[in-house]
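Engineer: Take a look at the following structure, please.
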Amino acid sequence: MKLSGLEIFKYLPGNHKAAHTNCKECGCPTCMAFAIKLAQKQITYDRCKYMPEELKKLCQKNIKAPQKTVKIDGLKIGGETVLYRHEKKFVNKTVFAVVLDCKSPDFEKKLERVKNFEINLLKEKIKIDLVILKNAEKHQIKNLCDETVYIEEKDFLKLSLKRICDNNFHKTADELVKIRTKAIAERDEKYSDPVYVYFKSTPDKYGLCARASYYLCKYANMLVFEDFDESLFATLMMLRQNIYTDPQKPLQVEPKIYEFNNPDENSLVFMTTNFALTFYAVANELQHLKVPSYLIVTPAGGMSVLTALSAEKFTAKTVAKTLKKFDLINKVKTRKIIIPGLLAPMKNELEKALPEFEIIVGTIEAYSIAEFVKNII
Ligand code: SF4
């Protein structure tokens, strides 16, 4: 069970006004300050020599990882420490595995499809994580080295993993929540093995995708499929990419001038911040426009337009500095910059800081860019 600062304090001398109350020997000004630091894992329990045995035992239990990490070559399964991503972050991505039977007549064909499958997300090349080989000969595994990890089924079954079958959606979903809650919130060691859901072959691809998506969100450490379907894996990988981000680190792209459809010195110039989600929404629209364009991405700590504006990460001064750095004035003859609609209040300020350019207020939503462009060219 995770201990709060108050729960820890109840055991300390300060709570009973006993000897050594607020003695500062632990380096904290008071017992309460120590309790809060300990709860936040900013200090170790052995810094207080006057801690009762009961609390020591609780702390020792808390130090142990609540969920084990199982490793297959470089692949890590489990090792989660929180129930909700916003509490800290999720540690190891849910692993996607496919079972292939080496004795099946279509084995080679299926294996080729698995090997060739990859998707590119945020410049990351993503492949199937794990292939579990049934009825495999040793030499078959040796010849299979690529980014995907391969394991014989008999070795896979020896790992400390808890298996749940996808027979009944509600039962499976409840079981996953129960196991994760017991492991993390109650620190019950009986539930510390990482969990995988096993999906038997089924013609119902929609149902399979829906259930797998749910288990991915709550709380499967691995999903194992008898079927291999490219669209299913592409969908799940996209979803996984959104869950396994660090909420304390905004997703950002490199600040620079991006080009779409072979622009020249007379092309349109758009501007936004380096928040990844905004960038990809705008970039996707510009890519699909039939007109060439530039997109200036300003450094804003990965913040969205409005957040950057309120945090003073997007100011006329920073924009002017960025354009100078990118040498925009010598790159284009165009003297118009289209800014996001949300930055309309900054138009005058930007024009003062960039006297060579006319500032045009664009759309609030990226999906309206095509319509907007039709009206200005
Ligand atoms: Fe309190 Fe222990 Fe720190 Fe002394 S060493 S202030 S008793 S927590």
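Engineer: In square nanometres, what is one fourth of the surface area of the convex hull spanned by the alpha carbons of segment 143-198? Before the final figure, lay out the partial values.
Structural biologist: On the way: hull surface 21.3 nm².
Taking the Cα atoms of segment 143-198, their convex hull projects to 5.3 nm² on average.
Engineer: For segment 245-343, what is Rg from Cα atoms divided by 2.2 N^0.38 Å, rounded to two decimals?
Structural biologist: Numbers: Rg = 13.2 Å, N = 99, 2.2 N^0.38 = 12.6 Å.
Dividing the Cα radius of gyration by 2.2 N^0.38 Å gives 1.05.
Engineer: Separate question: Can you list, bin by bin at 5 Å, the percent of alpha carbon pairs in segment 319-377, starting at 0?
Structural biologist: Once binned at 5 Å, the Cα pair distances of segment 319-377 give 4, 17, 26, 23, 20, 10, 0.
Engineer: While we're looking at this one, here's another question. With a 10 Å cut-off between alpha carbons and a GNM built on the chain, which of Arg240, Arg113, Arg85 moves the most?
Structural biologist: Top of the fluctuation ranking is Arg113.
Engineer: Still on this structure: On the full set of protein chains, 1.4 Å probe, figure out the accessible area of Met346 and give it in Å² to the nearest 10.
Structural biologist: 10 Å²
Engineer: If packing is taken as the average number of other Cβ atoms within 10 Å across a peptide's residues, how do 200-209, 300-309 rank, most packed first? Before the final figure, lay out the partial values.
Structural biologist: Numbers: 200-209: 11.9, 300-309: 19.4.
Descending mean neighbour count gives 300-309, 200-209.
Engineer: Could you tell me what percent of the DSSP beta bridges with both partners in segment 69-243 are antiparallel, to the nearest 5? Kindly include the intermediate steps, with their values, before the conclusion.
Structural biologist: Numbers: 7 of 28 bridges.
Beta bridges within segment 69-243, antiparallel portion: roughly 25 percent.
Engineer: Carbon and sulfur: what percent of segment 69-243's accessible surface (1.4 Å probe)?
Structural biologist: Numbers: 4500 of 8950 Å².
Result for segment 69-243: 50 percent of the exposed heavy-atom area is carbon or sulfur.
Engineer: So, for the chain, what is the accessible surface per residue at a probe of 1.4 Å, expressed in square angstrom? Intermediate results must be reported in sequence, preceding the final value.
Structural biologist: Working: 20590 Å² over 377 residues.
Here the per-residue accessible area is 55 Å².
Engineer: A follow-up question, please. Taking a ≥ b ≥ c as the square roots of the Cα gyration tensor eigenvalues, with a/c under 1.5 meaning rounded and otherwise prolate when a/b beats b/c, else oblate, which class fits the chain? Present the calculation step by step, with values, prior to reporting the outcome.
Structural biologist: On the way: a/c = 2.81, a/b = 1.23, b/c = 2.29.
Oblate.
Engineer: Now for a different question. Mind checking which of Leu309, Asn348, Val332 is farthest towards the positive end of segment 307-355's charge dipole, using Cβ charges of +1 (Lys, Arg) and -1 (Asp, Glu) about the Cα centre?
Structural biologist: Toward the positive end, the furthest listed residue is Val332.
Engineer: Under the 0.36 nm per residue contour assumption, what length would be gained going from the current alpha-carbon distance of Lys178 and Ser231 to full extension? Don't skip to the answer; put the middle values down first.
Structural biologist: On the way: separation 53, 0.36 × 53 = 19.08 nm, distance 3.00 nm.
Stretched out fully, the Lys178 to Ser231 stretch lengthens by 16.1 nm.
Engineer: Mind listing the phi-derived Karplus ³J(HN,Hα) values for segment 93-104, rounded to whole Hz, using 6.51, -1.76 and 1.60 with θ = phi - 60°, and x for any glycine or proline?
Structural biologist: Per residue, the Karplus-derived 3J(HN,Hα) values read 4, 4, 7, 9, 10, 10, 9, 10, 9, 5, 8, 6 Hz.
Engineer: Can you give me the C-alpha center-to-center distance between segment 246-280 and segment 41-118, rounded to a whole angstrom?
Structural biologist: If you average the Cα positions of each part, the centres end up 34 Å apart.
Engineer: Distance between Cα centroids, segment 151-185 to segment 333-377: provide it in whole Å.
Structural biologist: Cα centroid to Cα centroid, the span is 52 Å.
Engineer: Could you tell me which of the pairs Lys17/Lys190; Lys71/Lys218; Lys109/Lys190 are separated by over 30 angstrom between their Cα atoms in the structure shown?
Structural biologist: Lys17/Lys190; Lys109/Lys190
Engineer: Which FRET efficiency, nearest 0.05, do Lys61 and Lys158 yield, Cβ-Cβ r, R0 35 Å?
Structural biologist: Working: r = 28 Å, r/R0 = 0.79.
Working from the Cβ atoms, E equals 0.80.
Engineer: Let me ask you something else. Relative contact order for segment 171-237 using alpha-carbon pairs under 8 Å, separation at least 6, rounded to a whole percent?
Structural biologist: Values: 58 pairs, mean separation 24.2, N = 67.
Relative contact order here is 36 percent.
Engineer: Tell me the mean residue ellipticity at 222 nm calculated for the chain from its helices only (DSSP H runs of n ≥ 4, each -39500 (n - 2.57), averaged over every residue, nearest 500). The partial results should precede the final answer.
Structural biologist: On the way: 16 runs with 140 residues, N = 377.
The helix contribution divided over the chain gives -10500 deg cm²/dmol.
Engineer: Bin by bin, in steps of 5 Å, what percent of the Cα pairs in segment 69-243 do you find, going until the bin that has the longest distance?
Structural biologist: With a bin width of 5 Å, the distribution comes to 1, 8, 17, 21, 21, 16, 9, 4, 1, 0.
Engineer: With just the Cα atoms of segment 13-141, tell me how far they stretch along each of the three principal axes, in Å, largest first.
Structural biologist: Projected onto its principal axes, the Cα set of segment 13-141 covers 77, 34, 21 Å.
Engineer: Just need the relative contact order of segment 257-374 here, percent rounded to a whole number, with Cα pairs under 8 Å and 6+ apart.
Structural biologist: Working: 195 pairs, mean separation 34.0, N = 118.
Across segment 257-374, relative contact order equals 29 percent.
Engineer: Next up: How big is the charge dipole of the chain about its Cα centre, in debye rounded to the nearest 20, if each Lys and Arg gets +1 on its Cβ and each Asp and Glu gets -1 on its Cβ? Present the calculation step by step, with values, prior to reporting the outcome.
Structural biologist: On the way: 60 positive and 47 negative charges, 289 e Å.
Rounded to the nearest 20 debye, it is 1380 debye.
The values are calculated or read from the model by the stated rules, or taken from the named source; none is laboratory data. Everything numeric here is computed off the predicted structure, so don't read it as measured data. Positions of Cβ are backbone-derived with ideal geometry, glycine not excepted, and every protein chain shown enters the neighbour counts. Calculation scope for accessible area: heavy atoms of the full protein, side chains included, ligands and nucleic acids excluded. Shrake-Rupley method; radii C 1.70, N 1.55, O 1.52, S 1.80 Å.
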